[in-house]
1. Give the residue from Ser25, Gly45, Pro105 lying farthest towards the positive end of the charge dipole for the chain; charges sit on Cβ (+1 for Lys and Arg, -1 for Asp and Glu) and the dipole is referred to the Cα centre.
2. Pull out the extension gain between Asn76 and Leu102, defined as 0.36 nm times the separation in residues minus the alpha carbon to alpha carbon distance; nm, one decimal.
3. Convert each backbone phi in the stretch 113-120 into a coupling constant with the Karplus relation 6.51 cos²θ - 1.76 cosθ + 1.60 (shift: θ = phi - 60°), then list the ³J(HN,Hα) values in order as whole Hz, x for Gly and Pro.
4. What percent do you get for the relative contact order of the chain when only Cα pairs under 8 Å and 6+ apart count?
5. For Val51, enumerate residues with amide H under 5 Å from its amide H, sequence gap 5+ or separate chain, H modeled in the peptide plane.
6. Tabulate in residue order the Karplus-calculated ³J(HN,Hα) for the stretch 30-45, using 6.51 cos²θ - 1.76 cosθ + 1.60 with θ = phi - 60°, rounded to whole Hz; enter x for Gly and Pro.
7. Which order do the peptides 44-50, 17-23 come out in when sorted by mean C-beta neighbours inside 10 angstrom, highest first?
8. Treating the beta-carbon of each Lys and Arg as +1 and of each Asp and Glu as -1, no other charges, what is the dipole magnitude of the chain about its Cα centre, to the nearest 20 debye?
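All of the numbers you see were taken from the coordinates with simple rules; none came from a lab. Owing to the predicted nature of the structure, the values given are computational and were not obtained by experimental measurement. Reconstructed Cβ throughout: ideal geometry from the backbone, glycine too, with neighbour counts over all protein chains shown.
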Amino acid sequence: QVQLVESGGGLVQAGGSLRLSCVASGSAGTMFNINAMGWYRQAPGGERDLVAAIGSGGVTDYADSVKGRFAISRDNAKNTVYLQMTSLKPEDTAVYYCNSPLYFPGGTRPLFNSWGQGTQVTVSS
């Protein structure tokens, strides 16, 4: 089984900060140390897009929309990936999910087809 549990979302004003956490267990936890992990977000009516990723060796990648404002990190001992979000904008409002991104030419796809419940981030202006 794959278990992905996101937490840390909330309601903040523009310019504020939030720290999201994702705990992986089951097969996702077993393979956590060698899997890349990432954060996805889905705004109302929008697609679920990868916004930040971190490889097993710590190399990070960010979507242009969040670059310089978000920071992804991981704690392999806790099977946890974090997303530190600063300088939040109303455009960041979305449900945030974690998964393991697989990279292909032209894009990515999530490894696990079982998603967590996500955590809601709402940024007011």
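1. Ser25
2. Details: separation 26, 0.36 × 26 = 9.36 nm, distance 1.87 nm.
Stretched out fully, the Asn76 to Leu102 stretch lengthens by 7.5 nm.
3. Values per residue, Gly and Pro as x: 7, 9, 9, x, 6, x, 9, 7 Hz.
4. Values: 301 pairs, mean separation 42.7, N = 125.
In percent, rounded to a whole number, it is 34.
5. Trp39, Tyr40, Arg41
6. 4, 9, 4, 4, 10, 8, 5, 10, x, 10, 10, 9, 9, 7, x, x
7. Numbers: 44-50: 11.4, 17-23: 19.0.
The densest-packed peptide leads the list: 17-23, 44-50.
8. On the way: 9 positive and 8 negative charges, 31 e Å.
With only Lys, Arg, Asp and Glu charged at Cβ, the dipole is about 140 debye.
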